[in-house]
1. Below 18 Å, Cα to Cα, which aspartates and glutamates can Lys446 reach? Residues fewer than 8 away in the same chain don't count.
2. Pairing the Cα long axis of helix 432-448 with the longest principal axis of the chain, what angle in degrees results, from 0 to 90 and rounded to the nearest 10?
3. Does the chain come out rounded, prolate or oblate, given a ≥ b ≥ c as the square roots of the eigenvalues of its C-alpha gyration tensor, rounded meaning a/c under 1.5 and, failing that, prolate meaning a/b above b/c?
4. Among bridges DSSP assigns within the chain, what percent are antiparallel (round to 5)?
5. What number, in percent, do you get for the relative contact order of region 192-480 if the mean sequence gap of Cα pairs under 8 Å and at least 6 apart is divided by its residue count?
6. Classify region 305-446: rounded, prolate or oblate, from the alpha-carbon gyration tensor (a ≥ b ≥ c, eigenvalue square roots; a/c under 1.5 rounded; otherwise prolate if a/b is larger than b/c)?
7. How much length, in nm to one decimal, is gained on full extension between Gln220 and Gln136, taken as 0.36 nm per residue of separation minus their Cα-Cα distance?
8. Figure the gain on full extension for Ser441 and Gln257 (residue separation times 0.36 nm, minus the Cα-Cα span) and round it to one decimal in nm.
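Bear in mind these aren't lab numbers, they're just calculated from the coordinates by the rules spelled out. For clarity, every value in this text was computed on a predicted model and none was experimentally measured. Neighbour counts are summed over all protein chains in view; Cβ atoms, including those assigned to glycine, are modelled from backbone coordinates with ideal geometry.
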Amino acid sequence: MDLSCIPPMVTAPPLYVDLDGTLIASDLLIESALVLVKQRPLAIFDLLGWILQGKATLKTRIAQEVELDVAHLPYDHEVLALIARARSEGRKVVLATASHRKYADAVAAHLRVFDAVLATDSQKNRSGLAKLEAIQADADGPFCYAGNSAADLPIWQAAESAIVVTASPALVRRAAARARVDAVVRPAGMGIAAVLRAMRLHQWVKNLLVFMPAVPLAAQLGWPAVWTLLLAFFCFGLCASSVYLLNDLLDIDADRQHPTKSRRPIPSGAMPLAWAVMLTPILLLAAFGLAAWRLPWLFAVVLVFYWALTMAYSVRLKRITVVDVLLLAGLYTMRILAGAAVIGVIPSFWILAFSMFLFFSLASAKRYIELADAQRRQKMSMAGRGYNVADIPVVLTQGIAAGQIAVMVFALYIQDPVATQHFRMPYFLWGVAPLLLYWISRLWMKALRAKVHDDPLVFAVKDRQSQVIGTVCAGLIWGAL
């Protein structure tokens, strides 16, 4: 039988898939470097030395010290669907990445959808043209490539077809000018909403505490003092947002395993890690710059101490039981000290004691909510914290007790002569005490019933009853003035 007239079978070209930014919404080099710095803060100096030796050395040295949990990486399900379709067509699928082979092999072993892996090793950083050489040597013919960045343009130009993932419209056009684009997966938007969510602007409500020392002096303060306090509010907001970003960067692995924190922009991949790394120092410098420009030096000192304590909390102290909630309560109180520094007054014993007990209660409520959630998920402990579910009764008791003590301190303040110095009709404040007692009791009851899923202060901002109680309390305090 003459087979010469039968056309040869056309085999679909192999599919090569990038890892960072394509298969996953993350960057494993940045992730592994952050883990290393978290494990060994002084390793930041090692990183600088390794960078000078080249990216291959940098990635290899980090990989020698850092283990990554590839099971909880933010995988792109659309890309996984494209891989599944290619495999169903009998095509060869290869993971081609500039990430280190150790992590690439771990991803391939976890997903079990790749026929081979091309990755960086100690000798060569397989990015851009180096990756193209490896792909051409492996494919030995036409191939399709899925990527996401400008570094992939030479590969797309050499490919038979391209798949462009999470890229800007401009990059999609540049890719289309070089190769046939078979698919565009999740075109990138501006990402501003993700950045604002990562900054947690809703948490800025806590910074209203800088105005608290000014409340008894409201009749005596002019607009210049108000504008100065407003600037202090923004300084604390920028500083806090910087710390929130850093905290999310350092806690990315633990947050991905959390039912709600996993949806935050950084662990979910909605905000690129490179953006977060760049924005963190920018926000911090803006906060300190504003403080140095227009605010008293004592406020700047308080702001520096606040930043130092939040850093200590993020890196280490949040893993120490009880110390973490004490520190959180102290950070709230530091906002009051900062406000006092701005207007040049010494905060009274009463306001500081009230603040410490109230916010110790709210910080304990935050921990209780997290522990109760862990217990419902049949987890014995909280990732990245020093608590386990056996601590629930203690956290519950200390939180409720601290809240009640805060109300008692407020009631004693009303009877103190210092109250009559600042309030013309201090008896109006007696209306605040039972409302505060009701609000704290209700908050804890809702926490016990699993009806509070956020930070208690975030819950208070969203909760209608809390809004009404806050408005009435503000009216009573205004009437007392």
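1. Glu370, Asp373, Asp454, Asp455, Asp463
2. The angle comes out near 30 degrees.
3. Working: a/c = 2.71, a/b = 2.35, b/c = 1.15.
Prolate is the answer for the chain, as a/c is 1.5 or above and a/b outweighs b/c.
4. Details: 2 of 22 bridges.
The answer is about 10 percent antiparallel.
5. On the way: 340 pairs, mean separation 50.3, N = 289.
Normalised by residue count, the contact order of region 192-480 is 17 percent.
6. Working: a/c = 3.44, a/b = 1.55, b/c = 2.22.
Because a/c hits 1.5 or more and a/b fails to exceed b/c, region 305-446 counts as oblate.
7. On the way: separation 84, 0.36 × 84 = 30.24 nm, distance 7.66 nm.
Taking Gln220 through Gln136 to full extension adds about 22.6 nm, to one decimal.
8. So the extension gain works out to 63.2 nm.
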